[in-house]
Amino acid sequence: MAGDLLELKRHHTNSLFNFRWELRFDTAGSFIFSRMMSTSQQPIQDYIISGCTIVLAGLVLWGAQDIPPPFFDPLGSAAVPKVCAYLLILIALGICIRRYFENRAGSNSNPEAEGYKSEPWLALAVVAMSILYTLAMGSGWIGFRWGTVIYIFVTGSILARKHYPVMGLSLALGLLIGIGGQYLFTQIFYIDLP
Amino acid sequence: MDLLQAFQYLLTPTPMMWLMIGVASGIFVGAIPGLGGGMLMALTVPLTFSMDSTHAILLLMGMHVGSVSGGLISATLLKMPGTPSAMMTTLDGYPMAQQGKPGLALSLGIGASFLGGLISAIFLIILAPPLATLALKFGPWEYFSMVLMALVLISSISQGTMLKGLLSAVLGITAALPGLNASDGQLRLTFGHESMTDGFNLLPVLLGIFVMSQLIKDTVELNKKATSISLKSSRLFPKLSTWKKHTINLFRSSIVGTWIGILPGVGASISSMVSYGMAKAFSKTPEKFGTGHEEGIVAAEAANNANAGGALIPLITMGIPGAPVDAILLGAMIMHRIQPGPLLFQTNGELVWALMGGYLVANILMFLVMLFSTRLVARIININRAYLVPIIFVFCVIGAYALSNRIFDVWLVLAFGVVGFFLDRAKFPLGPFVIGFVLTAFLEENLRSGLQLSDGSYMPLLTRPLSLVFVLVAVFFLILPFYNEWNRKRKQKAAG
């Protein structure tokens, strides 16, 4: 797997600079992440998404095996999942084959100039914070009120990148949404919160 | 309730207030690049649970109309379309603003949006009742083949290749499969997890695909900055003389927008692209397109607003969303126990007429709000993402959790957000995914009913005339991209 990825990496590296930059990522996970976050890496993204789709289709087929056969209608509950799984495999293979021939013919639709420095690691940090926030509330470590105050302040601070006035305002917004939001949603809209 | 009674109802304070709130918030959110009508509507749905269903739908529809129009402001002043449907407006709106005429660009856009919306509202009111009567004659095979056609159609004309669109649609269908199958009571694809018994609820999936994925994208693109053009002393009220020369373009673009809206599953972005292309093809000065040309702005804006009205036609008459954003409207209707479709005219006629009249009133409100608030909105559209991203996620949590008090739904928002982000990054369109997800139950139910009626035979797909037409259209759109590619290669070879 890692060998294949390195091979693909070599194929799709456009410049020496990019190649050196990529070499700093020593695991396949980091490599996939960096490639998936880019808007100019269509070939490898297509292969990765097609691969994941085939795995998903396998999972659906495996799950469909447990569904009992139809007993009163001709279709049954397993038919649609199976058809979807086969279609997913077929289309995913179609995308891979098409991409392979396009690469061979040298007619990639990339690269697409972004015109700005993208922030994949910042996005990862935001997703990680969101996961922690959900996990903390889901497991009862913290309630909505203070969880929200902390989440908005910390995530806002990460995005503010040491811009202290923005961090200060993030704290104020966190307090407002955490404390005010809990009152608004539970007392006025009658919506339960975690 | 007929249309007149609907207007009497709509002009009372409460429905008017909800429409106004919807339109104003839609314009504001639509104007902020990176946010959009879909996001606003998905976040608002849970807040409407305790509302009267007609008010809730009017609020959401107002948001839809407002957001389509609001995208024009940032497209013109920032060169960043607030919504994808304003992409074509950027091509001429921003250059015109750079030339010192931001007011003219915005006034053209506002006027074209208003007239496009009005024309499509007229089509909606005229076409919906007879189409609903026609749809009453549909059987399960017609519905099944029509949904298939819609999925192929949206896949074949979405961003990227058709295969990617199709994969996205089938992924959406697959995501809707886990849980209890209502028709035979069988559990499927739950993998032994109790939380999966109810399957993936619509709202968390919509919040993930429309909102969370956009938040991740906004963070990745945090450094994407735009220079705002000031709008100090510009006149925003469109001059009548300006409009006289755009009459044909305006009507043509509105009709094209409405027609593309009627096609199931096709969104406003496609409408504005097609109208822009047609305006250029019919123009006496096509070379000026893209340099700040009035005709370009009129075509794009009239079409994207007209699309919103056109897209309501299949939604109301057949229960099929005319555009991905309409899937949210459909979802909201279902959550409020309203089943759109031909029977809606009989079972809930008041709502249908209020909805159609409301669309017309929403366009008038949009025009007025845009005229008087654009200057204010233009000043605040560059909001720092450090504030927006965490706050919007908190609202996602509230919305997802409120549905059934399960933290599992919040996990779904995160999961579908990440999936949606990566699909979008790799240019897999998200529209087919959403439409596929929303229509799966309907698709399977009709296939099941059809097979029961035909003793397991698929032949009615080909023997019933309407069903055959839908199948042929689907096959045509399935083959068309391959034929076009083959033709292009053949011409390239012939050229040497």
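Things to note:
- Residue under evaluation B:THR197, criteria (1) closer than 30 Å to B:ASN446 by Cβ; (2) within 10 Å of chain A (Cβ to nearest Cβ), criterion not met: (2)
- Yes/no for B:ALA56 being in a helix (DSSP H, G or I), buried (at least 24 other Cβ atoms within 10 Å of the Cβ) and touching a residue at least 12 places away in the same chain (Cβ under 8 Å): no
- Of all residues making up the stretch B:71-91, the number that are assigned to a helix (DSSP H, G or I), farther than 9 Å from B:ALA300 by Cα and open to solvent by 10 Å² or more (accessible area, probe 1.4 Å): 3
- The lone criterion from (1) within 21 Å of B:VAL473 (Cα to Cα); (2) in contact with a Gly (Cβ under 9 Å, 6 or more places away or on another chain) left unmet by B:LEU148 is number (2).
- In summary, B:LEU330 fulfils each of the numbered conditions (1) more than 14 Å from chain A (Cβ to nearest Cβ); (2) open to solvent by 10 Å² or more (accessible area, probe 1.4 Å); (3) closer than 22 Å to B:PHE49 by Cβ with the single exception of condition (2).
- Whichever residue in the stretch B:22-45 is closer than 28 Å to B:THR90 by Cβ and β-branched (Val, Ile, Thr) and, among such residues, is surrounded by the fewest Cβ atoms within 10 Å (Cβ to Cβ): B:THR44
- Residues in the stretch B:159-209 that are farther than 20 Å from B:ALA415 by Cβ and hydroxyl-bearing (Ser, Thr, Tyr): B:THR161, B:SER183.
- Pair list, Cβ under 6 Å, 6 or more apart: the stretch B:305-327 residue assigned to a helix (DSSP H, G or I), other residue of a type in the set (D, E, K, R): B:ALA311/B:ASP326; B:LEU315/B:ASP326
- When every residue of the stretch B:289-297 is checked against the conditions, at least one turns out to be in contact (Cβ under 8 Å) with a residue 40 or more places away in the chain, part of a helix (DSSP H, G or I), over 26 Å from B:ALA354 (Cα atoms) and open to solvent by 30 Å² or more (accessible area, probe 1.4 Å).
- Set side by side, the residues B:LEU177, B:LEU124 differ, and just one is in contact with a helix residue (DSSP H, G or I) (Cβ under 6 Å, 6 or more places away or on another chain), buried (at least 23 other Cβ atoms within 10 Å of the Cβ), in a loop (DSSP other than H, G, I, E, B) and of a type outside the set (Lys, Arg), which is B:LEU177.
- Of all residues in the stretch B:200-228, those being touching a helix residue (DSSP H, G or I) at 6+ places or on another chain (Cβ under 9 Å), away from chain A (no Cβ under 11 Å) and part of a loop (DSSP other than H, G, I, E, B) number 3.
The values are calculated or read from the model by the stated rules, or taken from the named source; none is laboratory data. Every value quoted in this text rests on a predicted model; they were computed, and no experiment measured them. Here Cβ is always computed from backbone atoms with ideal geometry, including for glycine, and neighbour counts include all displayed protein chains. Please note that ligands, DNA and RNA were not included when accessible areas were found on the heavy atoms of the full protein model with its side chains. Shrake-Rupley method; radii C 1.70, N 1.55, O 1.52, S 1.80 Å.
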